[in-house]
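K.L.:
Structure incoming, see below.
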Amino acid sequence: MTKEVFVYNSLSRKKELFTPLHAPFVGMYVCGPTVSGESHLGHARPFITFDIVYRYLLHLGYKVRYVRNITDAGHFEEEGRAAEDKISSKAQLERLEPMELVQKYTNLFHWAMLQFNNLEPSIEPTATGHIVEQITMIQRIIADGFAYEVNGSVYFDVHKYHQVFSEKNMPYGILSGRNLEDQLDTTRELDNQDEKRNKNDFALWKNAPPEHIMRWPSPWGEGFPGWHIECSAMSNKYLGKQFDIHGGGMDLQFPHHECEIAQSTVCNHVTPAKYWLHNNMITINGKKMGKSYNNVIKLSELFAGTHPILQQPYSPMTIRFFILQSHYRSTLDFSNEALQASEKAYKRLMEAYQVLRSTTPAFTATTATETDKKVAALLQDAEHSMADDFNTAKVLANFFELVPIINGIKHQQIALSELSGSSWQQMQQAFDTYLIQIFGLQFEANAHNGKLNDVLELLIDIRKEAKQKKDFVTSDKIRNSLSAIGVQLKDEKDGNISYTFL
RNA sequence: GGUCCUGUGGCCGAGUGGCUAGGCAGAGCUCUGCAAAAGCUUCUACAGCGGUUCGAAUCCGCUCGGGACCUCCA
């Protein structure tokens with residue numbers, strides 16, 4: 001943990017040295033999915049981004065508690081059919097239970113996370129499992145005079161909060177850089193807007209209309225929690241009044257995270273998180289991918305290649321790699337072409353890694369060569385880049401510069417006298433540490449079982465014999481037929497033949 | 001309208017004021033029975049106009065373009 005890591009803190013709008021509140025422990029809260037629909041590519045980004053952050057902190061030796069919630073309470077509808085408002089006429093088994101819907105999409109979400117090889121969070125609390133905590137928190141906010149009840153709903157008094165906490169240098173808008181006065185003229189009609197004293201006020205608890213199925217008893221009548229309170233209640237419960245990192249997508253910065261700060265600050269008299277990290281959006285043709293833009297590509301469509309703009313399926317690792325190739329705070333423009341490039345690049349990198357870990361050439365360099373120096377410089381720079389706000393793109397670029405060295409050694413285009421064994425070992429270690437452990441990349445499961453390998457080895461043997469006899473008709477038939485099936489044979493300098501799955 | 005981000009070569013994307021990032025695609029060469037793979041070489045860049053500076057993709061200003069948030073949103 002001697003390594004200095006710098007992170008961009010949205011709260012201060014600059015890079016800061018990461019110093020945990022209680023090292024070696026680190027508390028990290030990331031806003032999880034709303035399980036009212038199937039996850040799309042846009043959702044993949046924060047969960048992959050913060051998986052890298054989690055893995056990196058673990059790698060540095062921190063003891064991290066990673067909390068990522070499941071938002072399963074609220075006003076839900078399933079695509080195609082309304083989850084609600086059927087209560088009066090239909091029998092219970094006929095109508096869709098909210099928990100049924102939530103269960104379905106939670107399972108799908110977990111499936112996708114597994115595909116991406118994301119580590120499981122330490123705690124994955126659900127909003128519905130923490131109604132009591134949320135009610136308790138709301139009561140405290142009311143008791144302190146920062147919330148008021150109207151018709152069974154409770155609203156947070158943003159203006160009063162702003163007045164009182166501006167004096168403590170914690171105005172409302174501190175995170176998003178918004179000026180409350182500028183917000184006043186937003187004219188937007190929302191449900192029960194007239195109940196609020198001010199338009200900026202937000203709901204802590206909503207009274208449930210009769211047709212609303214998701215409802216819980218509360219001191220204010222039957223209802224359901226507001227949109228922001230769950231994260232405050234659950235982060236407080238599992239990470240304490242103040243914790244280290246709060247993460248999520250940039251689109252949550254306002255109002256969601258701004259409201260979280262206000263709620264938590266009222267309750268705990270301290271700003272909830274020290275570092276706020278926000279990942280940028282995935283765009284498609286320059287536009288944010290999002291439900292309201294009608295341009296989402298579901299993860300299942302991506303993996304299966306069934307979306308119209310896709311020419312082929314893309315594996316979870318290709319998508320993970322694609323995301324890692326850009327910096328998490330930049331927008332990332334998605335296209336079939338861009339994914340194709342990533343797929344090829346990923347394959348090239350992983351094949352080099354395979355060479356690295358499966359061979360130990362007999363190097364003859366005795367003193368540090370130019371190549372040794374280059375390797376050392378690239379590896380060191382990669383380390384710095386990772387510590388500089390998680391610049392995974394730069395780390396990968398450096399690794400790609402090592403690829404020609406690795407392949408050159410393998411194909412005898414670089415002499416064994418040009419590199420020392422220790423450089424090879426350092427590369428082995430760096431590839432393993434970064435690609436596998438920190439970036440969470442893994443070799444694709446190519447469905448090769450032992451028998452298939454044996455069969456391929458047999459074909460390779462036959463081809464070798466044919467080549468020796470200059471029977472090129474046979475050797476080409478084997479190579480071309482396998483290629484058509486999707487197995488690529490590669491003749492190597494030493495006469496061996498290796499293969500990869502396309 | 002308010003707040004903020006952004007504009008890099010055919011495409012995607014890093015870039016701490018001085019050292020052609022990287023990937024994919026294209027071209028040439030080496031290797032090869034021929035290919036593929038691999039290696040080497042190579043062509044297209046920093047939206048525009050000013051300013052600061054010995055020096056700017058990088059800092060400042062203006063203009064134009066794109067985007068996000070202000071409403072559920074990763």
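K.L.:
Within region A:1-52, count every residue that is under 28 Å from A:Y314 (Cβ atoms) and not in a strand (DSSP E or B).
P.N.:
Restricting attention to region A:1-52, the residues satisfying the condition of being under 28 Å from A:Y314 (Cβ atoms) are A:30-52.
Applying the additional criterion that residues be not in a strand (DSSP E or B) yields A:31-33, A:35-39, A:41-52.
Of the residues in that region, 20 qualify.
K.L.:
Let me ask something additional. Kindly state which helices (runs of 4 or more DSSP H) lie completely within region A:388-502 and contain at least 3 residues that are in the same structural domain as A:S330 (by TED's automatic domain parsing) and under 24 Å from A:N117 (Cα atoms).
P.N.:
Details: elements: A:392-410, A:421-431, A:450-468, A:472-485.
Qualifying helices (runs of 4 or more DSSP H): A:392-410, A:421-431.
K.L.:
Looking at (1) part of a strand (DSSP E or B); (2) among the hydrophobic types (A, V, I, L, M, F, W, C); (3) away from RNA strand B (no atom under 14 Å from the Cβ); (4) over 21 Å from A:I48 (Cβ atoms), find the lone condition where A:F224 falls short.
P.N.:
Evaluating A:F224 over (1) part of a strand (DSSP E or B); (2) among the hydrophobic types (A, V, I, L, M, F, W, C); (3) away from RNA strand B (no atom under 14 Å from the Cβ); (4) over 21 Å from A:I48 (Cβ atoms) leaves (3) as the failure.
K.L.:
Moving to a separate point now. Any chance region A:432-442 includes a residue that's closer than 26 Å to A:D491 by Cβ and either within 16 Å of RNA strand B (Cβ to nearest atom) or at pLDDT below 90 (or both)? Steps first, please.
P.N.:
Residues of region A:432-442 that are closer than 26 Å to A:D491 by Cβ, as a first pass: none.
Within region A:432-442, not a single residue is closer than 26 Å to A:D491 by Cβ and either within 16 Å of RNA strand B (Cβ to nearest atom) or at pLDDT below 90 (or both).
K.L.:
State yes or no: is A:S218 polar (S, T, N, Q), at pLDDT 90 or above and over 30 Å from A:R45 (Cα atoms)? Show your work before the answer.
P.N.:
Working: polar (S, T, N, Q): yes; at pLDDT 90 or above: yes; over 30 Å from A:R45 (Cα atoms): yes.
Yes, satisfied.
K.L.:
Let me confirm something: among A:G37, A:G74, A:G42, which residue is within 10 Å of RNA strand B (Cβ to nearest atom), at pLDDT below 95 and within 22 Å of A:F439 (Cα to Cα)?
P.N.:
Values: A:G37 fails: within 22 Å of A:F439 (Cα to Cα); A:G74 fails: within 22 Å of A:F439 (Cα to Cα).
On inspection, the qualifying residue turns out to be A:G42.
K.L.:
Mind listing just one residue for me: the one in region A:411-429 that is crowded, with 22+ Cβ neighbours inside 10 Å and of a type outside the set (S, T, N, Q) and, of those, nearest to the chain's Cα centre (by Cα)?
P.N.:
To start, the set of residues in region A:411-429 that are crowded, with 22+ Cβ neighbours inside 10 Å comprises A:419, A:423, A:427.
With the extra rule that they be of a type outside the set (S, T, N, Q), the set shrinks to A:419, A:427.
Numbers: A:L419: 37, A:M427: 26 Å.
Taking the candidates together, the pick is A:M427.
K.L.:
Anything in region A:152-177 that is buried (at least 22 other Cβ atoms within 10 Å of the Cβ) and in a helix (DSSP H, G or I)? List them, or say none.
P.N.:
A:V158, A:Y161
K.L.:
Anything in region A:466-490 that is touching a strand residue (DSSP E or B) at 6+ places or on another chain (Cβ under 9 Å) and at positive phi? List them, or say none.
P.N.:
Result: A:G486, single match.
K.L.:
Further question: Could you list, in sequence order, the residues of region A:329-342 that are surrounded by 17 or more Cβ atoms within 10 Å (Cβ to Cβ) and more than 8 Å from RNA strand B (Cβ to nearest atom)?
P.N.:
First, the residues of region A:329-342 that are surrounded by 17 or more Cβ atoms within 10 Å (Cβ to Cβ): A:332, A:334, A:339, A:342.
Across region A:329-342, the qualifying residue is only A:L339.
K.L.:
Taking the residues in region A:454-500 that are touching a residue at least 12 places away in the same chain (Cβ under 8 Å) and touching an Asp or Glu at 6+ places or on another chain (Cβ under 8 Å) as candidates, determine which candidate is nearest to A:R348 (Cα to Cα).
P.N.:
In this case the residue turns out to be A:T500.
K.L.:
Sticking with this structure for a sec: May I ask you to list the residues in region A:343-380 that are small (G, A, S) and within 14 Å of RNA strand B (Cβ to nearest atom)?
P.N.:
Of all residues in region A:343-380, those small (G, A, S) come to A:345, A:352, A:358, A:362, A:365, A:368, A:376-377.
Listed by number, the residues that qualify are A:A345, A:A352, A:A377.
K.L.:
Restricting to region A:254-303, name every residue that is under 14 Å from A:S235 (Cβ atoms) and among the β-branched types (V, I, T).
P.N.:
A:I261, A:T265, A:V270, A:T271, listed by residue number.
K.L.:
Something else now. So the check is Cβ under 6 Å with 6+ separation or different chains; which pairs have a first residue in region A:53-68 that's part of a helix (DSSP H, G or I) and a second one that's among the hydroxyl-bearing types (S, T, Y)?
P.N.:
A:Y54/A:Y66
K.L.:
Please pick out the residue among A:E222, A:E230, A:E260 that is under 30 Å from A:K196 (Cα atoms) and in contact with a Cys (Cβ under 6 Å, 6 or more places away or on another chain). Give the derivation first.
P.N.:
Working: A:E222 fails: in contact with a Cys (Cβ under 6 Å, 6 or more places away or on another chain); A:E230 fails: in contact with a Cys (Cβ under 6 Å, 6 or more places away or on another chain).
It is A:E260.
K.L.:
Now for a different question. Going by the conditions given, is A:L17 more than 21 Å from A:N236 (Cβ to Cβ) and either within 15 Å of RNA strand B (Cβ to nearest atom) or modelled with pLDDT of 95 or more (or both)? Before the answer, list the steps.
P.N.:
On the way: more than 21 Å from A:N236 (Cβ to Cβ): yes; either within 15 Å of RNA strand B (Cβ to nearest atom) or modelled with pLDDT of 95 or more (or both): no.
No, not satisfied.
K.L.:
Out of all the residues in region A:395-410, is one or more within 8 Å of RNA strand B (Cβ to nearest atom), acidic (D, E) and buried (at least 16 other Cβ atoms within 10 Å of the Cβ)?
P.N.:
No, region A:395-410 contains no residue that is within 8 Å of RNA strand B (Cβ to nearest atom), acidic (D, E) and buried (at least 16 other Cβ atoms within 10 Å of the Cβ).
K.L.:
Can you tell me which residue in region A:136-151 is nearest to A:D201 (Cα to Cα), limited to those that are of a type outside the set (A, V, I, L, M, F, W, C) and outside any helix (DSSP H, G or I)? Break it down stepwise before answering.
P.N.:
Initial filter on region A:136-151 (of a type outside the set (A, V, I, L, M, F, W, C)): A:136, A:139-140, A:144-145, A:148-149, A:151.
Add one more test, that the residue is outside any helix (DSSP H, G or I), and what stays is A:144-145, A:148-149, A:151.
On the way: A:D144: 16, A:G145: 14, A:Y148: 10, A:E149: 12, A:N151: 15 Å.
Per the stated criteria, the residue is A:Y148.
K.L.:
Looking only at residues in region A:383-401 that are of a type in the set (D, E) and within 12 Å of A:K3 (Cα to Cα), which one is nearest to the chain's Cα centre (by Cα)?
P.N.:
Quick first cut of region A:383-401, residues of a type in the set (D, E) only: A:383, A:388-389, A:401.
Next, from what is left, pick out any that are within 12 Å of A:K3 (Cα to Cα): A:383, A:388.
Numbers: A:E383: 21, A:D388: 18 Å.
Here the answer is A:D388.
The values are calculated or read from the model by the stated rules, or taken from the named source; none is laboratory data. Just so it is clear, the structure is predicted and the values come from calculations on it, not from any experiment. Cβ atoms come from the backbone with ideal geometry, glycine included; neighbour counts cover every protein chain shown.
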